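S.K.: Sharing a structure below in structure tokens format, with a few things to ask.
The values are calculated or read from the model by the stated rules, or taken from the named source; none is laboratory data. Here the structure is a predicted model, which means the values were calculated and not measured. Cβ coordinates were reconstructed from backbone atoms using ideal geometry, including for glycine residues, and neighbour counts include every protein chain displayed. In case anyone asks, the SASA skips ligands and DNA or RNA and just uses the protein heavy atoms, side chains included. Shrake-Rupley method; radii C 1.70, N 1.55, O 1.52, S 1.80 Å.
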Amino acid sequence: SASTDTLPEPIENVKMRQAITPLENIRWVNLGYSLIAQGKLAVVIMAGGQGTRLGSSAPKGCYDICLPSKKSLFQLQAEKIRRIQQLAAMAYYATKSIRNKMHVYIMTSPMTHEETRKHFESSNYFGLDPEQVHFFQQGTMPCLTSEGKLILEAPSKIARSPDGNGGLFTALLDSGCIDHMKSVGVQCVDVNCVDNALVKVADPMFNGYCWELSAECGCRTLAKGSPLEKVGVFVKAGTGIAVREYSEMPTNEMHAITETGRLKYNWSNICMHHFSVSFMQEIANAMRASDMYHVAHKKIPSRDGSVQGIKLEQFIFDHFPLARRVALLEVNRSEEFAPVKNAPNEDKPDSPETARAAVLKLHKGWIEAAGGVVKISKGSPDGLEVSPLLSYGGEGLDHLCYRKTFRSAYDVMLQGLAPMHIYKAAAAKSLQSGVDQSTNPFRAVTDLFNRTISDLIH
């Protein structure tokens, strides 16, 4: 482990949730809406991994965490994008028609590229316009023995593996995606990993906050759950920031407390970022000129069977110290972070079961805050699912849920699959009865998305 005299200082400039004023909230959300509505913000989804640890050979984004709707991780993201486009158009242009569809760039790998494309094509892109979805492949690096010799996968074929999530920047540049972004007016991107079931894709508040600060690099961050939680933490470096890996932190520093009683190294990296397009190009050029790689000791398939070897990887945060302006925003774990890393049925954290439970619990909170009652029968999952097409962050549910009881985790109305006249009738009834949202304890969140579904369907 690293010695304390070489340990960088912890970051201090995190915008904490309780410090966000109502005025900042409204300002940043509207800024985010304007970026989306004008086509200045794009989404980048890192989806190069296979679901090997989940017991699946398919791309991880195709994985179904067994939500009642059976939607894949890709479908959840696509539907959130459709909804936030709609909300942004209503907020910025006061119209249902989406003038500038948000471009979505999906990073695959040689092992997942074709299957990912087919997953989208066979599902009609989950309602997105095929013209707004762009697939590009991350690069690969040769695999080596511990002595530094090449490993052969076949007699005349070198074993290769993906170059890590840091390969994002050179892959965007080499594939022509950065040039495409410039040509269509995209100025910044919201980056996330496909395996986060709770991700707020293109969150207007986060991206509006980063835009207001003219941040080249923005990061959503979580306060550590415990001193020894196995996560990398943000530290100061250069003009920007860096990430110090868990394995590089001395134990005594992980337990260190500040005067305010908070952990000294408190802010963890959850790989949810905002980048300016120009900064991504700068990182790509820096990576081309760099020969810095991280070494991962892994089992590697070879012509002689599985052998112990070395994979060379780059990490997305390797060049964050180059950033001249950074923005860090604290997010709520229960609302935004439910990664799917570990196999099902093994009683481990970050599994399909824990991610599914987090989604159902969050959506149950939305329904109750909108005046509904959730009474799921025993033996069923605790909670229920709301389609992203109906609500992005809890908004627009009052007239559908007020004084109604929901007894199933899968409700046709909450999936957006009931006949349209039912939604129109519910909206009209709520206007007549004057359902008052001002007493709604969830109003702090619904204020972010001040257009209800009744605005969108009239």
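S.K.: Rounded, prolate or oblate, given the Cα gyration tensor of the stretch 38-113, with a/c below 1.5 counting as rounded?
M.R.: It comes out oblate by the Cα gyration axes.
S.K.: Restricting to the chain, what percent of DSSP beta bridges are antiparallel, rounded to 5?
M.R.: 60 percent
S.K.: Express the accessible area of the chain per residue in Å², computed with a 1.4 Å probe while the remaining protein chains stay in the model.
M.R.: 44 Å²
S.K.: Now, a different point. Roughly how many Å is it from the Cα centre of the stretch 305-370 to that of the stretch 89-127, as a whole number?
M.R.: Cα centres, the stretch 305-370 to the stretch 89-127: 21 Å.
S.K.: Moving to a separate point now. Calculate how steeply helix 352-369 sits against the longest principal axis of the alpha-carbon atoms of the chain, using the helix alpha-carbon long axis, and give the answer as 0 to 90 degrees to the nearest 10.
M.R.: Long axis of 352-369 versus the principal axis of the chain: about 30 degrees.
S.K.: Work through the residues other than F169 whose Cβ is under 13 Å from its Cβ and net out their charges, Lys, Arg +1 and Asp, Glu -1. Mind dumping the intermediate values first?
M.R.: Numbers: positive: R288; negative: D163, D174, E216, E282, D318.
Every neighbour counted, the sum reads -4.
S.K.: Based on Cα positions only, what radius of gyration and what Dmax would you give for the chain, in angstroms?
M.R.: 22.6, 76
S.K.: I would also like to ask the following. Could you rank the peptides 51-64, 209-222 by their average count of other C-beta atoms within 10 Å per residue, with the highest value first?
M.R.: 209-222, 51-64
S.K.: Please find the FRET efficiency linking E248 to E114, where r is the Cβ-Cβ separation and R0 is fixed at 30 Å, and quote it to the nearest 0.05.
M.R.: Details: r = 37 Å, r/R0 = 1.25.
It comes to 0.20.
S.K.: Among 73-84, 9-20, 172-183, how do they line up by average Cβ neighbours within 10 Å per residue, starting with the highest?
M.R.: Result, highest mean first: 73-84, 172-183, 9-20.
S.K.: Counting only helical runs of four or more DSSP H residues, what would the 222 nm mean residue ellipticity of the chain come to if each run contributes -39,500 (n - 2.57) and the total is spread over all its residues?
M.R.: Numbers: 14 runs with 137 residues, N = 458.
Counting only the DSSP helices, I get -8500 deg cm²/dmol.
S.K.: So, one more: Working from Cα positions, state the angle (0 to 90°, nearest 10) between the long axis of helix 22-37 and the longest principal axis of the chain.
M.R.: Value to nearest ten degrees: 80.
S.K.: Where does each of 284-293, 265-274, 369-378 land if you order them by average Cβ count within 10 Å, highest first? Present the calculation step by step, with values, prior to reporting the outcome.
M.R.: Numbers: 284-293: 13.2, 265-274: 22.9, 369-378: 15.6.
Ranking, from highest mean packing down: 265-274, 369-378, 284-293.
S.K.: Report, to the nearest whole %, how much of the accessible area of the chain belongs to carbon and sulfur atoms, 1.4 Å probe, protein only. Write out the running numbers ahead of the final one.
M.R.: Numbers: 10080 of 20050 Å².
Carbon-and-sulfur percentage of accessible area, whole number: 50.
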